[in-house]
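The values are calculated or read from the model by the stated rules, or taken from the named source; none is laboratory data. Please read these numbers as outputs of a predicted model, since none were measured by experiment. In this analysis, Cβ positions are derived from the backbone assuming ideal geometry, glycine residues included, and neighbour counts consider all displayed protein chains. Calculation scope for accessible area: heavy atoms of the full protein, side chains included, ligands and nucleic acids excluded. Shrake-Rupley method; radii C 1.70, N 1.55, O 1.52, S 1.80 Å.
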Amino acid sequence: MYPKNKLYLTLLSWLAVAVLCGQPQGLSLPAPDLDLLARQDENFNNPRFSAPIPLDIAPVPTGVGTPGNFTNTEGNIYQWSQTFTVPKAHGLGLFIDELDLPEGGSLSLSNRLEAKTFTQSDASSKNRLFTGFLSGNEVTLTYRGPLPESTPFHVWRIDHVYRPDLWADDSTKEFGESNACQVNANCSAGDGWENEKSGAARINVIVAEGVGTCSGNLINNTAQDGRPYLLTGFHCMDGFTPLYDLWSADFEYISTDCDNPATEPEPVSYLGMEFRAGLQATDFMLLEIVDVDFATEDHYFAGWDRAEGRVDGTIRHFHHPRGDIQKIGVSGPGGMDILTTRINWNSGVVTPPSHHFRMDYEIGSFQVGSSGSAFFDDNRRIRGHLNGGNASCTSGTEAFVGRFNLSWDTGLGDTAQLAPWLDPLGTNPMTMDGASLVSKRFVSGQVVNGLNGQPVSGARITYAWPGGSETYTTGADGRYRGERPATEPAFAISGVFREDGPLDEAVDVGDLITIRRAILGLGDLSIEGSVAADANNSGTIRVSDITLITRVILGVSDWNDRPNWLVIPVGFPLDPIPRDIGSAVGIALENAGVYDLPVDFYVLKTGDANGSGGG
């Protein structure tokens, strides 16, 4: 059986459960059963370095009347602290959810040597936070800031490091924690590959069962719109419960030259991902980075080649073994052959024959954490990605590489293929070159007639933001799509349709009769009919509406300040009848980094109370 290039993962060990609510005193958790953990490691054949302990801890908010939760330290500054101790632990890290810190409030995790500080801006898209690890068997979590009016956070898990041979804390480690045969990416073997190196990332993997690392690469698509797709390995999450909002990608985590640096390089990190597609047979997984900050600068998105057959020439890949700074692996001139036998991984997974390449190394090797890194041919295009193999610094390394061409469209459905994501234009190319791109963000939607659901063409939808606006026009299918500012978190949206069209279109005596019967209590108006009937924008149905509609029918008045056609966002509340319904509607994004912001609309004709109008 072949050793899988697996994660440092922490499999869930229900060693202890702590349930507290806002107790500021120290909390000592039971010492972990190291023999049990060792047996579990042997059973799972998984080189994890830490294990989680469930927690349930939250400060009591103000007004509850429990003294000691928050202490007034100075002025309007309050503090809450909780110390955690896990005997025998070599490092500790906390997981926090329901993060809702007031403005000016912060959390810090500290030990005797160092501290990390976090604010609300560090939260994931689901308002969760992983602190990372600090060394030792004791850490203190501290809130400092204004007195919260509600519970500001909840601690739901603590991870303890029990394998110091697989983890070294930042205060003591030296670069080179990966094997000595690993070669820094900026050595001569990587000369001229600066673009590809800049698009390679260390992926920090967070699952319900633990923590680990993989490698991955930004990858281009036929729209060349900088959509932040990240190609990596399926087994980085296979069999586990991924918490994608806590996954992060570290770019530029690399030495400046061939030597190991004296101090740790500062990576450019982006928090939060979403799963797009994956296939166990070829071990590919495609993720999308959702951090809004990603769009603030350009990035290099690698090209690809989905040709069949072996790959000739020299192959390179850039990876992060054991989460170390970026390294390079290089084949001999023989390239990669198709592995025609099946692979029986020691995890129990069986890879079908001919779904992977086999490559021998001439420079470097791989280790845990290298998984998912892309393998480039001489044309600088991705031909596959690392799954596993047999790695050695002394007797040679062979890698098994998932084939890109089989990942393209052999899976069942969009979530098991690369094609729907990397070829949004449907041009079906065999190759795609890499490019440096700024990520774009879009708005899209459809406008339909509110009465019959038919698409409406020629409607103009406007998105406005401080300092600018953009208008998009619907086509024959009623759809609109266009680019929006990549980092704006809120917009005022509005629409216009047939503003110069006939005022009395779909408005006649039948509408007057319908409104009169509703006023007299002899009939009912639908909510859409009520909105259309409120011709004078009063928020109610009155005789004055009948008067105005009559004057429009007679051609002696217009609709005054009301649009001829109302363009209303789907989901906008109509009960009670809104006044000034033609005004712009504000929307705020939970995550401004979302690639496509979909907002649909429907149209109603002013005065058309009985719904006879067509669009």
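Worth pointing out:
- Lone unmet requirement of (1) outside the structural domain of Ser494 (by the TED database); (2) open to solvent by less than 30 Å² (accessible area, probe 1.4 Å) for Pro424: (2)
- Matching residues, region 531-557, being in contact with an Asp or Glu (Cβ under 8 Å, 6 or more places away or on another chain) and crowded, with 16+ Cβ neighbours inside 10 Å: Ala532, Ala533, Asp534, Ala535, Asn536, Asn537, Ile541, Asp545, Ile549, Val552, Ile553
- Taking first residues from region 577-589 that are in the same structural domain as Val531 (by the TED database) and surrounded by 15 or more Cβ atoms within 10 Å (Cβ to Cβ) and partners that are of a type in the set (Asp, Glu) and at pLDDT below 90, the Cβ contacts under 8 Å between residues at least 6 apart in sequence or on separate chains come to Gly582/Asp561.
- Index of the failed condition, Gly613 passing every other in (1) outside the structural domain of Ala464 (by the TED database); (2) open to solvent by less than 40 Å² (accessible area, probe 1.4 Å); (3) in contact with a Gly (Cβ under 6 Å, 6 or more places away or on another chain): (3)
- Asn179 fulfils the conditions (1) in a helix (DSSP H, G or I); (2) open to solvent by 10 Å² or more (accessible area, probe 1.4 Å) except for a single criterion, (1).
- Screening Asn379 on (1) closer than 28 Å to Asp191 by Cα; (2) in contact (Cβ under 8 Å) with a residue 60 or more places away in the chain; (3) crowded, with 21+ Cβ neighbours inside 10 Å; (4) in contact with a Gly (Cβ under 9 Å, 6 or more places away or on another chain) shows it passes everything except condition (3).
- Some residue of region 306-317 being in the same structural domain as Thr232 (by the TED database), modelled with pLDDT under 95 and either of a type in the set (Ser, Thr, Tyr) or under 27 Å from the mean Cα position of the chain (by Cα) (or both): no
- Of all the criteria given as (1) outside any strand (DSSP E or B); (2) in contact with an Asp or Glu (Cβ under 7 Å, 6 or more places away or on another chain), the one not satisfied by Trp156 is (1).
- Pick from region 359-372, criterion more than 20 Å from Gly309 (Cα to Cα) and among the hydroxyl-bearing types (Ser, Thr, Tyr), ranking: farthest from the chain's Cα centre (by Cα): Ser365
- Filter result for Gly510 (open to solvent by less than 60 Å² (accessible area, probe 1.4 Å), within 30 Å of Arg441 (Cα to Cα) and either of a type outside the set (Phe, Trp, Tyr) or within 46 Å of the chain's Cα centre (by Cα) (or both)): no
- Restricted to region 434-499, the set of strands (runs of 3 or more DSSP E) holding at least 1 residues that are open to solvent by less than 70 Å² (accessible area, probe 1.4 Å), touching a residue at least 60 places away in the same chain (Cβ under 8 Å) and in contact with a strand residue (DSSP E or B) (Cβ under 7 Å, 6 or more places away or on another chain) comprises 435-438, 441-449, 460-465, 479-484, 490-496.
- Selected residue (criterion: nearest to Phe251 (Cα to Cα)) from residues of region 183-203 that are surrounded by fewer than 21 Cβ atoms within 10 Å (Cβ to Cβ) and under 28 Å from the mean Cα position of the chain (by Cα): Ser198
- Filtered residues of region 236-261 (kept if more than 16 Å from the chain's Cα centre (by Cα) and open to solvent by 20 Å² or more (accessible area, probe 1.4 Å)): Asp238, Gly239, Phe240, Glu252, Ile254, Thr256, Asp257, Cys258, Asp259, Asn260, Pro261
- Number of positions in region 585-615 that are under 37 Å from the mean Cα position of the chain (by Cα), over 19 Å from Glu483 (Cα atoms) and part of a loop (DSSP other than H, G, I, E, B): 0
- With a requirement of 3 or more residues that are open to solvent by 50 Å² or more (accessible area, probe 1.4 Å), the strands (runs of 3 or more DSSP E) lying completely within region 311-370 that satisfy it span 356-363.
- Within region 73-128, tally of residues that are farther than 30 Å from Leu589 by Cβ and open to solvent by 40 Å² or more (accessible area, probe 1.4 Å): 14
- Asn405 being open to solvent by less than 30 Å² (accessible area, probe 1.4 Å), at pLDDT 95 or above and of a type outside the set (Phe, Trp, Tyr): yes
- Condition met for Gly212 (modelled with pLDDT under 90 and not in a loop (DSSP other than H, G, I, E, B)): yes
- Among the residues of region 564-576, those that are buried (at least 17 other Cβ atoms within 10 Å of the Cβ) and either in a loop (DSSP other than H, G, I, E, B) or among the β-branched types (Val, Ile, Thr) (or both) comprise Asn564, Val567, Ile568.
- Taking first residues from region 130-147 that are assigned by the TED database to the domain that holds Thr213 and partners that are buried (at least 21 other Cβ atoms within 10 Å of the Cβ) and assigned to a loop (DSSP other than H, G, I, E, B), no Cβ contact under 8 Å between residues at least 6 apart in sequence or on separate chains turns up.
- Residues that are free of Cβ contacts under 8 Å to residues at least 40 places away in the same chain and either touching a Lys or Arg at 6+ places or on another chain (Cβ under 8 Å) or not in a loop (DSSP other than H, G, I, E, B) (or both), drawn from region 236-269: Pro242, Val268, Ser269
- Filter result for Asn195 (assigned by the TED database to the domain that holds Ser395 and not in a strand (DSSP E or B)): yes
- Taken over region 73-86, residues that are touching a Leu at 6+ places or on another chain (Cβ under 8 Å), farther than 14 Å from Pro59 by Cβ and not β-branched (Val, Ile, Thr) amount to 2.
- Residue within region 287-304 that is without any contact (Cβ under 8 Å) to a residue 40 or more places away in the chain and assigned to a loop (DSSP other than H, G, I, E, B) present: no
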